[in-house]
1. Quick check: Cα centre of the range 125-167 to Cα centre of the range 54-106, how many Å?
2. Provide Rg over Rh for the range 51-167; use the alpha carbon set for both Rg and the Kirkwood Rh (inverse mean inverse pair distance).
3. Grab the Cα-Cα distance for residue 55 and residue 69, subtract it from 0.36 nm times how many residues apart they are, and report the gain in nm with one decimal.
4. Using a cut-off of 10 Å between beta-carbons, work out the net charge of the residues near residue 40 (Lys and Arg +1, Asp and Glu -1, residue 40 not included).
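None of the figures in this text is laboratory data; all of them are computed from the coordinates on show. The structure presented is a predicted model; accordingly, all values stated were derived computationally and were not measured. All Cβ positions, glycine included, derive from the backbone under ideal geometry; neighbour counts span all protein chains shown.
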Amino acid sequence: MARGRPARRSRTVSDGPPAWLRGRAVPFPEDVGLAAPTKLTAELREWLSAEPPRYPVLATIRPDGSPRLSVIWAMLMDDDHVLMNTRFDRAKASDLARDGRASLCFEDGYQYITLEGRVSSRADPANLDIEALRAHYRDTKDFSPQRGQRVSMLLTIERVLVHLRRL
């Protein structure tokens with residue numbers, strides 16, 4: 001222990017907010033919700049499928065346990081799955097091969113929907129999945145030189161976090 005200074009105790013959740021924040025918290029408006037439905041509702045699916053398509057952020061877990069974030073193309077397949085694709089030599093692909101837990105956050109300013117779950121991967125040797133994603137995002141990139149180098153990732157949705165207004 002340093003001379004003249006008492007040891008600092010770590011704060012815990014049960015301690016409540018720090019002194020400088022007490023009495024300053026502003027509640028969220030009533031029309032903002034944070035929930036964990038098990039399935040996507042029609043309204044949530046519509047928001048996620050809006051035009052133009054949103055570019056979600058994929059969170060994976062690095063080998064040291066810290067998060068890795070990547071903007072990625074993603075497309076809802078049904079109420080339980082989201083399709084993504086990357087090159088097999090990308091860090092996110094190796095992160096997910098080692099630990100399949102992932103989070104995918106679609107945002108629009110301060111409104112967002114986060115989908116959490118586990119990812120299964122499969123080869124995309126004919127580039128069929130990346131071509132479907134390219135068409136979904138109306139992009140003109142030619143992926144034919146990467147034939148045999150791509151992997152498709154299918155997120156099985158286990159949890160849905162919602163922070164939207166008016167839904």
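1. A separation of 10 Å, based on Cα centres.
2. 0.96
3. On the way: separation 14, 0.36 × 14 = 5.04 nm, distance 1.25 nm.
Here the segment from residue 55 to residue 69 would lengthen by 3.8 nm.
4. Details: positive: 39, 45; negative: 43, 46, 78, 79, 80.
Here the count lands on -3.
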